[in-house]
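Asks: Dropping the structure in here first, questions after.
The values are calculated or read from the model by the stated rules, or taken from the named source; none is laboratory data. Just so we're clear, the structure is a prediction, and the values are computed from it rather than from any experiment. Ideal geometry is used to build each Cβ from the backbone, glycine not excepted, and the neighbour counts take in all protein chains shown. To get the accessible areas, we keep the full protein, side chains included, count just its heavy atoms, and leave off ligands, DNA and RNA. Shrake-Rupley method; radii C 1.70, N 1.55, O 1.52, S 1.80 Å.
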Amino acid sequence: MDYVWLKALHVASVLIFTGGLFVQSFGVAAGKRGQAATVDLVSRWDKSVTMPGMLVAWLSGAAVAMSGGWFSNPWLWAKLALVVALSGVHGVQAGRLLRLRHGEVSDDVERPFRAPVTVAVLLAVIAVLAVTKPF
């Protein structure tokens, strides 16, 4: 696949994945307010759109990094560590949505979780690393 198209696929899938992370946050907040229909809708969206977006982002990102020969560069490893954290946020929120979908409200769900802020900060740092390749 041409490098430019591969990079475009990566950017598009990242946008889908990260948009889904913000939707997940909305779903968790709705679940805390007892809005089961919203939790169900967001949970289905997560499985059909956000999760595939994350997988395509990982695969296309690895392909872009291989094409660029960047695996020996420290900035890429710093970026990958943050992407792992972002994927972890997805996992935490997906678990909360699943518990809410099954009617379980526990301290884990009630405890404040600053997912939207965490996602925004991680995305900003990832973008800076990807664009500037500082080290």
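Asks: Give the residue list of trypsin sites (Lys or Arg not before Pro) in region 12-66 that are DSSP loop and have at most 12 other beta-carbon atoms within 10 angstrom. The partial results should precede the final answer.
Replies: Details: sites: 32, 33, 44, 47; in loops: 33.
Counting only loop positions with at most 12 other Cβ atoms within 10 Å, the trypsin sites (Lys or Arg not before Pro) in region 12-66 are 33.
Asks: Related question: List the relative contact order of region 34-135 as a percent without decimals, with contacts defined as Cα pairs under 8 Å and 6+ residues apart.
Replies: 43 percent
Asks: Taking only protein heavy atoms and a 1.4 Å probe, what accessible area per residue, in Å², does region 1-96 have with all protein chains in place?
Replies: Heavy-atom accessible area per residue stands at 52 Å².
Asks: Quick one: how many Å² of residue 48 are accessible to a 1.4 Å probe, rounded to 10?
Replies: Accessible surface of residue 48 is approximately 80 Å².
Asks: Rounded to the nearest 500, what is the chain's calculated 222 nm mean residue ellipticity when only DSSP H runs of at least 4 contribute -39500 (n - 2.57) each, over all residues? Numbers along the way, then the final one.
Replies: On the way: 6 runs with 108 residues, N = 135.
When only DSSP H runs of four or more count, the value is -27000 deg cm²/dmol.
Asks: A follow-up question, please. Can you tell which of 17, 71, 26 shows the greatest fluctuation in a Gaussian network model of the chain with Cα springs below 10 Å?
Replies: 71
Asks: Show which lysines lie in cross-link reach of residue 7 when reach means a straight Cα distance below 28 angstrom and same-chain residues fewer than eight apart are skipped.
Replies: 47, 79, 133
Asks: Here's another thing I want to ask about it. Enter the accessible area of residue 86 (Å², nearest 10), with the probe set to 1.4 Å and all protein chains included.
Replies: Around 10 Å² of this residue is reachable by solvent.
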